[in-house]
Amino acid sequence: MSETAATTTGTTLRSGPGRLLVAVYAVFALAATARGTYQLLTRFDEAPLAYGLSVLAGALYFVAAVGLARAGRTSRMVALVCVSVETAGVLAVGALTVFWSAGFPDDTVWSNFGSGYLFIPLALPVLGLWWILKVHSEDRRETPPAS
Amino acid sequence: MVDWLTMTIQMVSLGVAVWCLVSFFQDRPMLVPHLIGMGVLWLLVLGQVGAAVATMVGGDRPDELPMLISYLATIALLPPACAVWGFMERSKWGPAVIAFACFVLPVLLVRIEQLWSPVV
């Protein structure tokens, strides 16, 4: 555990708004993974692409939640990558489902930009990006790079 | 499943959510009364989960059983997990976590209701 090395950054990334972000990410990780896995297992033939994407989204949410909660320097980068991929994912899948609905016979978490989930899947990565970058810049201002 | 219990849980849950939102906007951290509220909510949820399990053991099972069980497990774990996570945060963001959890809980109960007695 790199907890001691990352005390200052460690507390900021998972405290304040980060605390809420981790909770939302955890719930969405569970929702997307459970839904996708169940659909893959029971109805694989109907819409493998949609169900696979749900599982992928769930996995991304999970890694992002853990990255935010662990809050070290490395996990911050991991969370940043995850959240970026998510942003791309929700935009791409959202656009695809709107313009090429034939490819998606069944919905994913990201369908129509997450409209089935109150557009939270669209807002979540944006808020995540904002929070990680904010903590990152504050952290750089407080502690000048060592060596 | 006990119908009036579902109703009660949804009402209590939304009540706690609004209460925590007020605390959030008043810039207050999560305090013991919030925790007691979550405790009461959790007991109600556990009662409902217990009733559902008893009915299922009795032989009355819905079609999508694995899905229902995973939803039941989720609602049983959501209140304590979020209460602990929110209580650890000593700022206004603690109540924000609880408010989120308490808005999600009624939605989960609606899904459970749909799985239990699907409208044909």
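The values are calculated or read from the model by the stated rules, or taken from the named source; none is laboratory data. Because the structure is a prediction, the values reported are computed rather than measured. Here the Cβ is made from the backbone with ideal geometry for all residues, glycine too, and neighbour counts use every protein chain on show. Ligands, DNA and RNA are excluded from the accessible area calculation, which covers all protein heavy atoms including side chains. Shrake-Rupley method; radii C 1.70, N 1.55, O 1.52, S 1.80 Å.
Quick notes on this structure:
- Failed item in (1) touching a Gly at 6+ places or on another chain (Cβ under 9 Å); (2) modelled with pLDDT under 85; (3) open to solvent by 60 Å² or more (accessible area, probe 1.4 Å), with A:M77 passing the rest: (2)
- Check on B:A73, within 14 Å of chain A (Cβ to nearest Cβ) and at pLDDT 95 or above: no
- Of all residues in the stretch A:67-91 being over 15 Å from the mean Cα position of the chain (by Cα) and in a helix (DSSP H, G or I), the one that is nearest to A:L133 (Cα to Cα): A:R73
- Among the conditions (1) open to solvent by less than 70 Å² (accessible area, probe 1.4 Å); (2) under 15 Å from the mean Cα position of the chain (by Cα); (3) closer than 20 Å to A:R19 by Cβ, the only one that A:H136 does not satisfy is (2).
- Tally of residues being within 17 Å of B:W116 (Cα to Cα) and either in a helix (DSSP H, G or I) or open to solvent by less than 30 Å² (accessible area, probe 1.4 Å) (or both) across the stretch B:1-32: 7
- Residues that are within 13 Å of another protein chain (Cβ to nearest Cβ), open to solvent by 30 Å² or more (accessible area, probe 1.4 Å) and within 20 Å of A:R35 (Cα to Cα) do occur in the stretch B:46-63, at least one of them.
- Annotation note: of A:G94, A:G114, A:G72, A:G18, the sole residue that is within 14 Å of another protein chain (Cβ to nearest Cβ) and either among the small types (G, A, S) or surrounded by 22 or more Cβ atoms within 10 Å (Cβ to Cβ) (or both) is A:G18.
- Some residue of the stretch A:43-65 being within 12 Å of chain B (Cβ to nearest Cβ), in contact with a helix residue (DSSP H, G or I) (Cβ under 9 Å, 6 or more places away or on another chain), at pLDDT 90 or above and surrounded by 20 or more Cβ atoms within 10 Å (Cβ to Cβ): yes
- Only one entry in B:L46, B:L35 is out of contact with any Asp or Glu (no Cβ under 6 Å at 6 or more places or on another chain), of a type outside the set (G, A, S), assigned to a helix (DSSP H, G or I) and more than 30 Å from A:P17 (Cβ to Cβ), namely B:L46.
- Single unsatisfied condition, B:L78 versus (1) within 11 Å of another protein chain (Cβ to nearest Cβ); (2) within 17 Å of A:A34 (Cβ to Cβ); (3) not in a helix (DSSP H, G or I): (3)
- Listed conditions (1) open to solvent by less than 60 Å² (accessible area, probe 1.4 Å); (2) in contact with a Gly (Cβ under 7 Å, 6 or more places away or on another chain); (3) farther than 16 Å from A:V24 by Cα are all met by A:I120, apart from (3).
- Scanning the stretch A:106-115 for any residue that is aromatic (F, W, Y), at pLDDT 90 or above and either under 16 Å from A:L30 (Cβ atoms) or assigned to a loop (DSSP other than H, G, I, E, B) (or both) turns up nothing.
- Taking the conditions (1) within 11 Å of another protein chain (Cβ to nearest Cβ); (2) more than 21 Å from A:L30 (Cα to Cα) in turn, B:W85 satisfies each one other than (2).
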